[in-house]
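Asker: What follows is a single structure, and I will ask about it in a moment.
Read-outs: derived from the displayed coordinates by stated rules, not from any lab. In this text the structure is predicted, and so the values were computed from the model without any measurement. Please note: Cβ atoms are built from the backbone with ideal geometry, for glycine as well, and neighbour counts cover all protein chains shown.
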Amino acid sequence: MKKITLTLCPMKRIIIALLLILANLKSFAWGEWGHQHINKAAVFALPLAMRVFFYNHADYLVIESVGPDLRKYMMNDKVEFARHFVNLEDYNYTSAADMPVTLKDATARYGDSVLNKSGILPWYIEIMMDKLTTAMKQGRTAELLFIAADLGHYIADAHMPLHTSSNHDGQLTDQRGIHAFWESQLPELFGAQYNLHTANARYIKDIHQEVWNIIEHSHSLAAALLSADKQLKQSFKSSMYITDASGKMIKNKFGHLQYRGRTSKYTFRILACQANRRAARSDSDALRLVDRRSLFDHFRRKSFIRDL
Ligand SMILES: [Zn+2]
């Protein structure tokens, strides 16, 4: 079975995996809005011979794009949890070459408890790739669609910087809430304004290396992302999240924090505009990360986004 990747614009690769697909959207992963758009974008990036089949099942792939998160949060599936992230710091990561090749190798080296706590995302992506290949070879349509939808989710997660860091919700730097703000609220607020551009799929020969390249690149952006968030919050006076009577932030069914209503949306827009203006005047990587053109340059083609 041929393995194909999508090469999207100037961004980092995001999703892919519909059929041994790996796409190259840019590098952020996502709440419901993001996962659904990413899976759909991957369908349209496929070569024609594959696209027809997946297009006919696009609704399923879009709806099921959040299936792994639902299993994690709504069904409280303990096994599911570690599949969505990898805290590279916990593994003292220096290079992919020094990491275990397979999940079995990783289990032998670290043990289950470490893996459950620090994540297995890169190894699990490869497991799903193998399963997808097998399902396709055997023509098991329902199974391959299920796997493809899941795989799109995990590959998207691999492109989210905070899914590769032990400081995944800013908890180590007094920035709790950054995770949901970054992967859910920003796309929900601004996604309709961005164009989603997909280029043609390309074949990836070395899936293992590609997966680790994605993880490493995502991780390299985490510090800049946290820095950008800190600068934003310095100019944000009131709490942006809904809290209960005890002051604890409330989460939705996906485990995401809930931002306040229209007032906060309006405030977010102002902050984003301010950040854009600052980014235009600065070469700072941190500020560039909050520039919406950088953030969402995979949502570029307006006509495409309207069709989603
Ligand atoms: Zn996830």
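Asker: Order these by the 10 Å Cβ neighbour count, fewest first: Lys131, Lys251.
Answerer: With the fewest neighbours first, Lys131, Lys251 line up as Lys251, Lys131.
Asker: Taking neighbour Cβ counts within 10 Å as the exposure measure, how do Met74, Met128, Met160 sort from fewest upward?
Answerer: Going from sparsest to densest Cβ surroundings: Met74, Met128, Met160.
Asker: Going by how many other Cβ atoms sit within 10 Å of their own, how do Thr94, Thr141 line up, fewest first?
Answerer: Starting with the residue having the fewest Cβ neighbours, the order is Thr94, Thr141.
Asker: Any idea what % of Cα-Cα pairs in segment 89-225 are farther than 22 Å?
Answerer: 48 percent
Asker: Still on this structure: Once Rh is set to the Kirkwood radius over Cα pairs, what Stokes-Einstein translational diffusion coefficient, in µm²/s, holds for segment 74-153 at a temperature of 37 °C and a viscosity of 0.692 mPa s?
Answerer: Estimated via Stokes-Einstein, D reaches 240 µm²/s.
Asker: Now for a different question. Taking the Cβ-Cβ separation of Lys205 and Asn116 as r and a Förster radius of 25 Å, what is the calculated FRET efficiency to the nearest 0.05?
Answerer: Computed FRET efficiency for Lys205 and Asn116 comes out at 0.20.
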